[in-house]
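Every number in this text was worked out from the coordinates using simple rules, so none of it is lab data. As the structure is a prediction and not an experimental result, all values here were calculated from the model. Note that we place each Cβ from the backbone using ideal geometry, even for glycine, and neighbour counts take in every protein chain shown.
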């Protein structure tokens, strides 16, 4: 008898298991971001959280406990899946399957690697804010190292993109248009946008004008490249889907625009905060509300498109609740996580700050419950997918022929 599991047949898309877990840690950080007072700082830190826990009521204390437990659990899962993927990927690179992948449309799945690295750096920064006392006192010294890490990841991503484009744009016929019938080719834009949002963090948090300026320029570069690349990939893929239909196993990628909107939206909010606090560039809460409303509108549009196709292709029945497995199923996690996070920003930075809703009113909780609903649906999805792909099953060993 031998034990096997679907993840033993490796694909770089398994890096999305790490990305999804990291994204869920961010959804729990939203509780602290918007329910824990942090005067004078753009984000809550350990001291703010402990002060709120000691003086708050049962509801606030419960939210803090859930948030801290959720962050710890999913950052641990994020790192565990990252290290597993790096080890598995290093073995995968020595196989013929890797060479085949490098000479096909699927070469862009390698961008899941830098995407996961950038997500983990973001997750570790959240862990520092939430669990490390006194971190804010030395945070200015950490920003250059954080930007260097994201820049290195960005260069890694650009090198993979360069290899892919250098191959398909210099030797005609190497890109299979008939196999471009999904939004899988937007993965490079996803990776670059994750780098951009990480690079934008110092713009929102630093008080050093040089650090803020470098953060603004660096994040703008990677965001601009992500937007241009994503636009080209989107239109070419949609044209292919109209001709050949959507590839069933890749159909979750139809919702990849949802996390792109969240990541780029947070990046722009961080940049705007830096422009406001450091360079006296001011915007109004109503402008922020409309900006976020546009992003949420795009997300809802692609959510509906994705659900229509997934339902028609019986994707959930086969790959989520059925016996079939596909590493691309982890691409379902990012849209739900992204909706949960952006709805929190839309609610607090948009509707509440613009005066449309009162914080903790009935209408406020309607929006908040929708966000939390997406969050816990994705928690359940991640746990189920992990059982499907990483739990070992026992099969009969092959019997040698006599």
How would you rank 47, 313, going from fewest to most other Cβ atoms within 10 Å of each one's own Cβ? 47, 313
Stretchable slack from residue 282 to residue 53, in nm (0.36 nm times residue separation minus alpha-carbon distance): 79.1 nm
For the stretch 281-384, the fraction of alpha-carbon pairs in successive 10 Å shells from zero, as %: 14, 38, 28, 15, 5, 0
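D for the stretch 22-81, whole µm²/s, Stokes-Einstein with Kirkwood Rh over alpha-carbon pairs at 4 °C and 1.567 mPa s: what number?
The calculation lands on 110 µm²/s.
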Please grab the % of Cα pairs in the chain that end up more than 26 Å from each other. 54 percent
Could I have the simple spin-label model distance between residue 132 and residue 235, label points 7 Å from Cα toward Cβ, reported in nm to one decimal? 4.4 nm
Simple spin-label estimate for residue 208/residue 93, 7 Å along Cα→Cβ, in nm, reads 3.2 nm
For the stretch 81-134, alpha-carbon Rg over 2.2 N^0.38 Å: 1.54
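What Kirkwood hydrodynamic radius do you get for the stretch 35-155 when you take the inverse of the mean 1/r over all pairs of distinct Cα atoms, in Å?
Details: mean 1/r = 0.0586 Å⁻¹.
With all distinct Cα pairs of the stretch 35-155 included, I get 17.1 Å.
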In deg cm²/dmol, rounded to the nearest 500, the helical mean residue ellipticity at 222 nm of the chain, built from -39500 (n - 2.57) for every DSSP H run of length 4 or more, is -24000 deg cm²/dmol
Suppose each label sits 7 Å from its Cα in the direction of the beta carbon; what would the residue 221-residue 84 distance come out to in nanometres? 3.6 nm
Taking the Cα centroid of the stretch 219-246 and of the stretch 331-373, what is the distance between the two, rounded to the nearest whole Å? 27 Å
Wrap a convex hull around the Cα atoms of the stretch 104-232, take a quarter of its surface area, and give that in square nanometres. 8.4 nm²
Distance from the Cα centre of the stretch 100-163 to that of the stretch 27-87, in angstrom? 20 Å
The FRET efficiency for residue 242 and residue 293, from their Cβ-Cβ distance with R0 = 35 Å and rounded to 0.05, is 0.75
Calculate, in nm to one decimal, what residue 391 and residue 76 gain on full extension: separation in residues at 0.36 nm each, minus their alpha carbon distance. 111.6 nm
Length added when fully stretched, residue 356-residue 376, from 0.36 nm per residue minus Cα-Cα: 4.5 nm
